[in-house]
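The values are calculated or read from the model by the stated rules, or taken from the named source; none is laboratory data. Since this is a predicted model, take the numbers as computed values, not measurements. Please note: Cβ atoms are built from the backbone with ideal geometry, for glycine as well, and neighbour counts cover all protein chains shown. For accessibility, only protein heavy atoms count, side chains too; no ligands or nucleic acids. Shrake-Rupley method; radii C 1.70, N 1.55, O 1.52, S 1.80 Å.
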Amino acid sequence: MENNNTRVAIIAANGGMFDAYKVFNIATAAAASDKEVGIFFTFEGLNLIHKEAHKNLAMPEGKEHFKEGFEKTNVPSISELLEMAQEMGVKMIGCQMTMDVMNLEKEDFVKGIEVGGAASFIEFAKDADISLTF
């Protein structure tokens, strides 16, 4: 029998387009199947929730042909996936330490994120059934 309290903890530490697809595809799929999902964004992973940066994520060099494939198969954009994740109640925590180091404020990020230290995420992740890092 499925445990409806399944918790998925994701660390997003990389900030490229493929990283964003991995993070948001897993997060939205888990949320769609009634899992409780939390993502901790740190270092370059903060790009995925930055107001402007998430709209202009770099495609890995030599992988530009994926752009056409994404469009042809109607894969949602990163902006759309981010919005879907938020609508589905995915908890998003921006790393306070990284934000301080990079001189970023909560206002630099999309609405609805939380800001916290590693301890905030550990509190969420300690009961996780699935933990992933991208």
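Using only the C-alpha atoms, the convex hull of the stretch 48-134 corresponds to 131 Å³ per residue. The residues neighbouring Gly117, those whose beta-carbon lies less than 12 Å from its own, together hold a net charge of -3 under the Lys/Arg +1, Asp/Glu -1 convention.
Add +1 for every Lys or Arg and -1 for every Asp or Glu among the other residues with Cβ under 14 Å from the Cβ of Ala128, and state the total.
Once positives and negatives cancel, what remains is 0.
For the chain, with all protein chains in place and a probe radius of 1.4 Å, 52% of the accessible heavy-atom surface sits on carbon or sulfur. Give me the lysines in straight-line cross-link reach of Lys63: C-alpha distance below 20 Å, same-chain residues under 8 apart excluded. Leaving aside lysines fewer than 8 places away in the same chain, those within reach of Lys63 are Lys22, Lys55, Lys72.
Shape class of the stretch 16-99 from the alpha-carbon gyration tensor: oblate, with a/c at 1.5 or above and b/c at least as large as a/b. Here's the list of aspartates and glutamates a cross-link from Lys35 could span, going by alpha-carbon distance under 12 Å and ignoring same-chain residues fewer than 8 apart: Glu2, Asp129. How big is the antiparallel share of DSSP beta bridges in the chain, given as a percent to the nearest 5? Of all bridge pairs located within the chain, approximately 5 percent are antiparallel. Near Ala9: Cβ cut-off under 15 Å, other residues only, Lys/Arg at +1 and Asp/Glu at -1. The net charge is 0. Surface exposure of the stretch 55-116, expressed per residue as accessible area with a 1.4 Å probe, stands at 68 Å². Of the GluC sites (Glu not before Pro) found in the stretch 14-108, those in coil by DSSP whose Cβ has at most 16 other Cβ atoms within 10 Å are Glu52, Glu61, Glu64, Glu105. Shown for the chain are the DSSP H helices of 18 Å or more along their axis, judged by Cα atoms, with a mean Kyte-Doolittle hydropathy of at least -0.5: 17-32. Annotation: amide H-H contacts under 5 Å for Ile11 (H modelled 1.01 Å from N, sequence separation of 5 or more, or interchain): Phe40, Leu132, Thr133, Phe134. Relative contact order of the chain, taken over Cα pairs closer than 8 Å and 6 or more residues apart, is 37 percent.
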